[in-house]
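Scroll down for the structure; my scribbles are underneath it.
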Amino acid sequence: MDNTSAGPGTPTTHAQLLVTLEGLLAIQATDTKSALNQASQLINDTLRADKADVFLYESAVDTLVAMGTSDTPMGRKEIALGLDRLAVSNSGKAVVVFQTGVPYLSGHVDQDPDELRGVKDALGIRSAIVVPLAVNGVRRGVLQVDTAQPDRFTEEDVRFLEAAANWVGLVLHRAELVERISQEAAEQARSVAADELITILAHDLRAPLTALKGRVLMLQMRARQDGHQAYLQEAAAMQRATNRLERMIADLMDTARLEQGIFTLTPTVVDLAALARETAAALQTDENEIVVRAPAALAAEVDPDRVRQVLENLLENARRHSPKGVAVILEVGTEVHEDGNWAVVTVRDFGPGIAPELLPNIFARFAAGRGTKGLGLGLYLARGIAEAHGGTLTVSSSPGAGATFRLALPLPKAQS
């Protein structure tokens, strides 16, 4: 322990220790910052310090951040000067204690060449104690008390602060549990509300859509009978729009079924290679050819309508992101896994690829990318269908190199 010129102070009594423990245990752990602010204030008052901090390490920025600070003039000044964030790269005694786990005590911080200038000069700290802070055996930060008086703290105060750090670790653990439970409950509530809204919306849209489709069909028939080619073209455009709306409503209903665990399949033995060729042929356009590479036949036990839905989604997505005149590649093959043979279908495009920040959530519900039309449900449903078959749907992509979606489905045991 660094004991630089530590002189005698007023030792912390057992009575104060017990009062502090009772106070820490009485903290209502509604949220982490509030709980740690209360803990810092309590420890500051017990040691009659000018400032107390609970610093926690944030790995994303490699920084110790004061998540709890006593409401004192020095504490407020620390925040105003930005000294409540201590970059590990800048070192300083708080960082050293966090890295080594060795407590620090000094009665003349201003004479310590290893302490930060802002701590010594801007805050005017002369006496300081810093001890490591752990939660469930994992070092998470440090607990620090400071004062402008020299030779203020004693070894007894260090032992008190080490004990208090254990209690603060319990407070922190409890507060984080409460926050996580509250967040999960809020997310669950939002999910349930969203599912209910989706189901109601999709159901209510079906009736007027059915009537609209009927009117469009009548317009087509009259236009064809009267020979009005322009009207016929308009009716055809309206029909495409209503078909698109119908698909969106179906996607909404399927999304709700997936979330509610009532999504069902009707599996049957089909030729997966033929299904892939048929789907590709139906989606062929002059702008982007779909090149199919598949065996003559490949029997698989799947729901053909649902697998076709996945393939249509992946192929339309690939075609939409491909440059004009550049083909989309659809490949069908097999792989041998420990549990048997699997069918593997890959869809590859040569477009701009998926941005790295979008990739982790590409299969999330309503995760439409930039410039993408629609509700952002297609890939979510595609993965749900794959998983309902006991399979997987994954993607690999890098900017400028296109994207490859990989659908893997277990084959019947007879083929294993």
If packing is taken as the average count of other Cβ atoms within 10 Å, what order do 229-239, 290-300, 379-389 fall into, highest mean first? 379-389, 290-300, 229-239
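Taking R0 as 60 Å, what FRET efficiency do you get between Gln99 and Thr264 from their Cβ-Cβ distance, rounded to the nearest 0.05? Walk me through the numbers on the way to the answer.
Values: r = 56 Å, r/R0 = 0.93.
Here the calculated transfer efficiency is 0.60.
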Hey, with R₀ at 41 Å, roughly what FRET efficiency would Ala250 and Thr394 work out to, going by the Cβ-Cβ distance, to 0.05? 0.95
Excluding residues fewer than 8 places away in the same chain, name every one of the lysines whose C-alpha is closer than 27 Å to that of Lys77. Lys33, Lys51, Lys93, Lys120
Two-site label geometry, Gln225 and Asp121: point separation in nm, points 7 Å out along Cα→Cβ: 9.4 nm
Hypothetical label at Ala87: residues of the range 55-71 whose amide nitrogen lies under 13 Å (7 Å Cα-Cβ projection): 61-64
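What do you get for Rg/Rh of the range 2-182 when both radii come from the Cα atoms and Rh is the Kirkwood radius? Walk me through the numbers before you get to the answer.
Details: Rg = 15.0 Å, Rh = 15.9 Å.
Here the Rg-to-Rh quotient is 0.94.
Listing Ser70, Ser182 from the residue with the fewest other Cβ atoms within 10 Å to the one with the most, what is the order? It would help to have the intermediate numbers written out before the result.
Details: Ser70 27, Ser182 12.
Ranked by crowding around the Cβ, least crowded first: Ser182, Ser70.
What is the calculated FRET efficiency for Ala60 to Arg320, with r their C-beta to C-beta distance and R₀ = 30 Å, to the nearest 0.05? Mind showing how you got there, number by number?
Numbers: r = 34 Å, r/R0 = 1.14.
Calculated transfer efficiency: 0.30.
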Quick note on Thr154, Thr210, Thr392, ordering by fewest other C-beta atoms within 10 Å, gives Thr210, Thr392, Thr154
Taking 0.36 nm per intervening residue step and subtracting the Cα-Cα distance, what contour gain separates Leu217 from Asn361 on full extension? 47.9 nm
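Read-outs: derived from the displayed coordinates by stated rules, not from any lab. These numbers were taken from a predicted model, which means no experiment stands behind them. Heads up, the Cβs are rebuilt from the backbone with ideal geometry, glycines too, and the neighbour counts pull from every protein chain shown.
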